[in-house]
Amino acid sequence: MSERIHLSRAHVTDVEEKYVLEALRSGWVAPLGPMVDRFEREVAERSGVAGALALSSGTAALHLALLELGAGPDTVVVLPSMTFAASANAVAYTGAEPVFVDSTDDANVDVDLLVETVETLLSEGRTVTAVMTVDLFGRCCDYTALGDRLERLGVPLVEDAAEALGASHAGRPAGSFGRAAALSFNGNKIMTTSGGGMLLSDDLELLARARYLSTQARQPAAWYEHTEIGYNYRMSNILAALGVGQLERLDSMIGRRREIRRRYTAGFADIEGLTFLGRGADGDASGEANDNHWLTCISLDPDSVAVDPTTLMAGLDAAGIEARHLWKPMHLQPIHADRRAALTGVSERLFATGVTLPSGSELGDEQIDRVIAETRRLLLAS
Ligand SMILES: *Cc1c(COP(=O)(O)O)cnc(C)c1O
């Protein structure tokens, strides 16, 4: 049998090898070093923000952003229900209460419902320290619809752009929309440092404070002097070197994922009841939103497709193909069952009908064609 086809694998070439070797041979093996500084500069530039802080994970970036905005006990952070657990975990680390909001059809947060939820919480006298948006599956949420509505309510925005590096909305890069934003370089993301993340902001003071907290909150003294609790969240120089190489190849990796999306849309065009999450191959019709095409997600309408996602995924798995459910909404997670949530049923429907397909930039046309053929066989068999 041919090799297993994975959902989204790290895609590393001799470009990355060169930078990692350079870092190793330079002697900067200890945490921090010139590659970290360079990686921060280059990512900040690419993302259209004034500064960046390289960290051990995207979750760490979210945690520090929320701390800097004052999230803590007796405060609330409003965020989408449909997201990866890390978004909500970061809120929980601070002691703040997460309040979840449902999605629109492209899986991103329902902006009207989000603003309404914040207004309701404020009218109850609650302290909303931040709203977190999540740019899901490589697509920015609708920042045009959000506009300055949060600013007028006096609530800062944290953008979880962990899945969206290289995407844009209305000409602005993902990662530039909030007071602070988080990127992830986990192994399955659009680019990787094998594990890592970055905090982005135009607010250099916020970044400086986060930098201090990320290095065990060490005071400037000849000895180790501490006046508050810190974290060990910094990225190592070796991993930053991997990131510098990956960033150099980011556009080509996004281009390949876009081609894969096109191949899927062409391959499934005639299947009734199969739709693509989001705005098709190239963003929305007006060209306002540009995906980075991190993952291609399809949705199966149970009224016209007899096969449900779980059956399809089991069939694909048997054929050596990895496919997955969309993120299970947080309000359906046992750990968050008692949390407050503003729901419309959309994220539950998306979860029940959605499948993410192999989308990694290292996949060749033959492999995508194999996924298309197997999926067609499974969907059209009944
Ligand atoms: C991957 C991811 C994170 C966390 O990033 P790590 O680097 O794995 O900590 C946070 N939010 C979302 C939406 C993600 O997909």
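Please compute the Cα-Cα pair-distance distribution of segment 219-335 with 10 Å bins starting at 0, giving whole percents from short to long.
Reading upward from the zero bin: 10, 25, 27, 20, 11, 6, 2, 0.
Taking the dipole about the Cα centre of the chain, with the C-beta of Lys and Arg at +1 and of Asp and Glu at -1, give me whichever of LEU350, VAL20, ALA180 is farthest to the positive side.
Going by the charge dipole, the pick is VAL20.
Along the Cα→Cβ direction, 7 angstrom out, place labels at ALA217 and GLU151. What is the inter-label distance in nm?
3.2 nm
So how exposed is THR120, as accessible area in Å² (1.4 Å probe, rounded to 10)?
60 Å²
Taking 7 Å along the Cα-to-C-beta vector as the label spot, tell me the ASP301-GLU248 distance in nanometres, rounded to one decimal.
Roughly 4.8 nm, to one decimal.
Calculate the dipole size of the chain relative to its Cα centre from +1 charges on Lys and Arg beta carbons and -1 charges on Asp and Glu beta carbons; express the result in debye to the nearest 20.
Here the size comes out at about 840 debye.
Give the residue from ALA210, ALA341, GLY171 lying farthest towards the positive end of the charge dipole for the chain; charges sit on Cβ (+1 for Lys and Arg, -1 for Asp and Glu) and the dipole is referred to the Cα centre.
After comparing all options, I get ALA210.
When the helices in the chain are scored as -39500 (n - 2.57) per DSSP H run of 4 or longer and the sum is shared across all residues, what 222 nm value do you end up with, to the nearest 500 deg cm²/dmol?
Helix contribution divided over all residues of the chain: -11500 deg cm²/dmol.
Mean 1/r over all different Cα pairs, inverted: what Kirkwood radius does the chain give, in Å?
21.4 Å
Most fluctuating residue of LEU79, LEU153, LEU277 in a GNM of the chain with Cα springs under 10 Å: which is it?
LEU153
With all protein chains present and a 1.4 Å probe, how do LYS328, LYS189, LYS18 order by accessible area, largest first?
LYS18, LYS328, LYS189
Please list 201-207, 53-59, 85-91 highest first by mean number of surrounding beta-carbon atoms within 10 Å per residue.
53-59, 85-91, 201-207
What ranking of HIS226, HIS293 comes out by heavy-atom accessible area, probe 1.4 Å, highest first?
HIS226, HIS293
Quick check for you: which residues of segment 36-74 have the amide N under 18 Å from the point 7 Å beyond the Cα of ILE229 toward its beta carbon?
Taking a point 7 Å out along Cα→Cβ of ILE229, the residues of segment 36-74 whose backbone N falls under 18 Å are 60-74.
State in Å² the accessible area per residue of segment 250-380; use a 1.4 Å probe, count heavy atoms of protein chains only, and round to the nearest integer.
About 43 Å² of surface per residue is accessible.
Amide H to amide H, which residues 5 or more places from THR127 or on other chains are under 5 Å from it, using H placed in the peptide plane?
VAL76
Could you tell me the calculated FRET efficiency between ARG209 and SER26, based on Cβ-Cβ distance and R0 = 30 angstrom, to the nearest 0.05?
Efficiency for this residue pair is about 0.55.
For LEU7 and ALA318, calculate 0.36 nm times their separation in residues minus their Cα-Cα distance, and state this gained length in nm to one decimal.
110.5 nm
Which of rounded, prolate or oblate describes segment 57-159 when judged by the alpha-carbon gyration tensor and an a/c cut-off of 1.5?
oblate
Quick one: with all protein chains in place, what share of the accessible area of the chain is carbon or sulfur, to the nearest percent (1.4 Å probe)?
Carbon-and-sulfur percentage of accessible area, whole number: 51.
Can you say what percent of the DSSP beta bridges in segment 14-248, counting only those with both residues inside, are antiparallel? Round to 5.
Close to 50 percent.
State the extension gain, in nm to one decimal, for the chain segment bounded by THR120 and ASP14, taking 0.36 nm per residue of separation less the distance between their alpha-carbons.
Net length gain for the segment: 32.8 nm.
Taking Cα pairs under 8 Å and at least six residues apart, what relative contact order does segment 14-248 come out at, in percent?
Computed value for segment 14-248: 29 percent relative contact order.
Which of the three applies to segment 144-264, rounded, prolate or oblate, going by the alpha-carbon gyration tensor with a ≥ b ≥ c and a/c under 1.5 meaning rounded?
Oblate is the answer for segment 144-264, as a/c is 1.5 or above yet b/c matches or exceeds a/b.
Along Cα→Cβ, 7 Å out, is where each label goes; now give me the distance between the ones at ASP338 and ARG262 in nm to one decimal.
For the pair ASP338/ARG262, the computed spacing is 5.3 nm.
The values are calculated or read from the model by the stated rules, or taken from the named source; none is laboratory data. All of these numbers come straight from a predicted model, not from anything done at the bench. Cβ: placed from backbone, ideal geometry, glycine included. Neighbour counts: every protein chain shown. Side chains are part of the model used for accessible areas, which takes the heavy atoms of the whole protein and leaves out ligands, DNA and RNA. Shrake-Rupley method; radii C 1.70, N 1.55, O 1.52, S 1.80 Å.
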